[in-house]
1. Once the other residues with Cβ under 12 Å from the Cβ of CYS9 are scored (Lys, Arg +1; Asp, Glu -1), what is the net sum?
2. For the chain, what are Rg and Dmax over the alpha carbons, in angstrom?
3. Return the ratio Rg/(2.2 N^0.38 Å) for the stretch 137-269, where Rg is computed over Cα atoms only.
4. What's the carbon and sulfur percent of the stretch 92-214's accessible surface, probe 1.4 angstrom, rounded to a whole number?
5. Could you tally up the Lys pairs in the chain with alpha carbons closer than 25 Å? Skip any pair fewer than 8 positions apart unless they're on separate chains.
6. Return the single residue from THR296, THR132, THR248 with maximal mean-square fluctuation; model: Gaussian network over the chain, springs between Cα atoms under 10 Å.
7. Give me the percent of the accessible area of the stretch 1-89 that comes from carbon and sulfur atoms, probe 1.4 Å, all protein chains in place.
8. Determine by what factor the alpha-carbon radius of gyration of the stretch 58-181 differs from 2.2 N^0.38 Å, reporting the quotient.
Amino acid sequence: MAKRIILDCDPGHDDAVAILLALASTDELEVLGLTVVGGNVPLHSTLLNARKVVTLAQRECKVFAGCPRPMMRDIVTAEHVHGETGLDSGSGTPLGEPTVPVESTHAVNFIVETVRAEPENSVTLVAIGPLTNIAVAFAMAPDIIPRMHELVIMGGAGFEPGNITPAAEFNIYVDPQAARAVFDSGVNLIMFGLDITHQMLITPPRLEAVNRDGGRVGTVVADLLDFFNQYDISKYGWEGAPLHDPCTIAYLIEPAIFEMRKMHVVVDTTDGPSLGRTVTDWWGATQEKPNAMVATGGNADRFFGLITERLKLL
Ligand code: RIB
Ligand code: CA
């Protein structure tokens, strides 16, 4: 039976691939809706981008507008990585105009109402942007935390340095108070941080395969990733940019791709150089009860092979 998910996102190139992978994988996943948050670019752009990606997929999927800014801080965005639109392409060709509307229900209300309405333990939340929508939903309706199946996030970093500050990964850093609330909530938490996503590099052979073997959508995605590669290749000097967000979806489709380890993780919310750091207790030094399953390794070739073969289905 397909896993039923709500995908909370801030498209964003890697979010776009995660959305497409999820919509293409109908045997394994039923996407109940996309909830959108401000992050990589402001909410009006992440919302437009989510609608454009669903239109590109030519699949039915409702899109809900969520929180435009973090709970206590001004928003930090990442146009330097994703371009002014949030989905700039290598060729400069924009995605087509959306045919998908924005639903009138607020994203947070959709999350709460859906988890309450669906059978217990049947809904999985996937969050691949700042955790503002998730934290607000948990504060508004704590009853959904034990009722939902699990929360799978792209965010944080254990041993890897941060990517927006030396200590913090972007999704956590944008709204560290929201992240702290989510990590401390008791939810069944699966964390895909930079320790794993920095192993999933969009190398030239992998990019060529997406373009060559990914069908109609693969050529569009390759054009997007051609732009997305530029900043991180110049920053890290690697063969390709890390493709962060689709790790969460690939895990739900084929968990054997990844190695996981349960450990305690706490988010540093102190103002200073470590703001937004996910302090991961890899060796159980604190005796704190583990609260997250953290991805530590994975098969990058299988990861990109899965993405390529599924894009071809759209
Ligand atoms: O740090 C990477 C994460 O921040 C990804 O989810 C990317 O899309 C941005 O949201
Ligand atoms: Ca994202």
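1. Numbers: positive: ARG51; negative: ASP8, ASP10, ASP14, ASP15, ASP245.
Summing Lys/Arg as +1 and Asp/Glu as -1 gives -4.
2. Here Rg and the maximum Cα pair distance are 17.6, 52 Å.
3. Values: Rg = 16.6 Å, N = 133, 2.2 N^0.38 = 14.1 Å.
For the stretch 137-269, the normalised Cα radius of gyration is 1.18.
4. On the way: 2370 of 4470 Å².
About 53 percent, which is the carbon plus sulfur part of the accessible surface.
5. 8
6. THR296
7. Working: 1570 of 3040 Å².
About 52 percent, which is the carbon plus sulfur part of the accessible surface.
8. Numbers: Rg = 16.3 Å, N = 124, 2.2 N^0.38 = 13.7 Å.
Ratio of Rg to 2.2 N^0.38 Å for the stretch 58-181: 1.19.
The values are calculated or read from the model by the stated rules, or taken from the named source; none is laboratory data. Everything quoted here is computed from the prediction, not taken from an experiment. No Cβ is skipped: glycine too gets one built from the backbone with ideal geometry, and neighbour counts run over all protein chains shown. Accessible surface is based on the protein model in full, side chains and every heavy atom, while ligands, DNA and RNA are left aside. Shrake-Rupley method; radii C 1.70, N 1.55, O 1.52, S 1.80 Å.
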